[in-house]
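Contents: one structure, followed by commentary.
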Amino acid sequence: MSVNDSTGNLVWPTYQSYTLFNYAIQCVEAVLIIVGNGLTFIAVIKVKNLKQIPTNVFIMSLATSDGIIGLLLPVLVGVKFLDTEHVWKGTTCLLHGPYFSLFLTSLVTLLAIAVDRYLAVVHPLTCKQRMTIRRARIISVVIWILSFGILTTITCYYGLQRNVVLLRSRVVFFVFPKNIAIIFLQILIIGPVLGNIVIYILIYIELKTKRRVGTTRGNNAGANHTVTSKSSKAYVNMMALVLAYLALACVPYYVIAAVLKQGTSTPSWLVYLFDVSVILFYSNSFVNPLIYSWKNRNFREAYKKLMTCRSY
């Protein structure tokens with residue numbers, strides 16, 4: 001979250017000087033992120049029941065962005081651990097540009113999944129024609145191109161040319177022009193999040209309406225509806241959990257960062273709490289595969305086969 005500084009600019013909080021303990025924890029997180037999302041990526045490619053579903057193309061894209069975050073995380077934290085302003089001004093923006101882009105890619109990919117699930121629920125007979133594997137791949141590629149094209153350019157340009165680094169109680173802030181920060185927050189982050197929430201509300205309303213109609217028309221109609229909608233509902237519940245945990249992981253970080261920026265003196269306990277919020281923030285990237293395994297039998301079986309080196 002961004003807040004105003006004395007010059008009228010909005011300040012973007014990034015990362016603080018980590019202790020060795022925090023660095024170790026986030027390296028463990030990085031391993032979990034890489035392994036979990038690597039398994040997801042391979043599962044969608046290898047398993048027939050998974051690779052034939054357009055939604056899983058988006059899940060594979062989401063796993064790719066999370067996996068790259070896992071690869072960047074030790075480097076990102078390691079650079080910050082050096083705690084040198086000169087390193088921050090040059091190298092770090094080159095790392096944070098792609099990182100912000102990956103975060104945006106995840107948000108927009110979740111929005112694409114929500115739209116896909118909405119089509120599957122509202123138009124179950126024609127959804128396979130509306131969203132094919134090929135279209136899902138094209139949409140995923142477009143999301144990646146736009147996310148990296150927009151955010152990497154903005155972040156690195158302002159990071160190298162106009163950025164000011166402020167150090168306060170071991171917490172580092174990037175200063176962006178107000179209009180750029182507003183675009184990033186309101187359009188690129190809040191927009192996809194609100195879009196996801198609205199679509200999932202519409203999906204649950206539609207599912208409830210169809211269940212009520214099926215009950216009114218009789219047991220056979222209700223049974224047929226149950227069979228046709230069971231898979232869609234399972235995916236909806238699974239991805240709604242992914243979205244909910246994303247919010248749970250991100251909100252504390254932005255709220256605490258905003259509080260840290262407000263005061264001239266920062267209590268040490270709040271700085272330590274910020275450490276915890278950062279760890280929670282990154283946990284989102286390795287929790288997703290756990291949710292897939294918990295809520296989807298095909299993913300669960302695929303993970304088991306991959307981890308035990310069994311053939312498909």
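None of the figures in this text is laboratory data; all of them are computed from the coordinates on show. Since the structure is predicted, the reported quantities are computational estimates derived from the model, not experimental observations. Neighbour counts are summed over all protein chains in view; Cβ atoms, including those assigned to glycine, are modelled from backbone coordinates with ideal geometry.
Here are the numbers for this structure:
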read-out: Residue pairs, from the table Lys230/Lys305; Lys46/Lys233; Lys51/Lys208; Lys48/Lys233; Lys208/Lys230, whose Cα atoms sit over 19 Å apart; value: Lys230/Lys305; Lys46/Lys233; Lys51/Lys208; Lys48/Lys233
read-out: Backbone HN-Hα couplings from phi across region 59-70 [Karplus 6.51/-1.76/1.60, Hz, Gly and Pro as x]; value: 5, 5, 5, 5, 5, 5, 5, 5, x, 5, 4, x
read-out: Sites Cys309 and Lys230 - FRET efficiency at Förster radius 41 Å, r taken between beta-carbons, to 0.05; value: 0.85
read-out: Efficiency of FRET between Ile190 and Ile138 - r from beta-carbon atoms, R0 30 angstrom, step 0.05; value: 0.70
read-out: Note, ³J(HN,Hα) from phi for region 280-296, Karplus 6.51, -1.76, 1.60, rounded to Hz, x at Gly and Pro; value: 4, 4, 6, 4, 3, 6, 9, 6, 3, x, 5, 5, 4, 5, 6, 9, 10
read-out: Potential extension, Ile42-Arg300 segment - 0.36 nm per residue separation minus Cα distance; value: 91.6 nm
read-out: Separation of the Ile145 and Tyr23 label points, Cα + 7 Å toward Cβ, nm; value: 4.0 nm
read-out: Under Karplus coefficients 6.51, -1.76 and 1.60, residue-wise ³J(HN,Hα) of region 125-140 in Hz, glycine/proline x; value: 7, 10, 5, 5, 7, 6, 10, 9, 4, 5, 5, 4, 5, 4, 4, 4
read-out: Pair Gln52, Ala244: separation of 7 Å Cα→Cβ label points (nm); value: 3.1 nm
read-out: Relative packing of 281-288, 35-42, which averages over residues the other C-beta atoms within 10 Å, highest first; value: 281-288, 35-42
read-out: Around Ile203: net Lys/Arg minus Asp/Glu count, Cβ-Cβ under 13 Å; value: +3
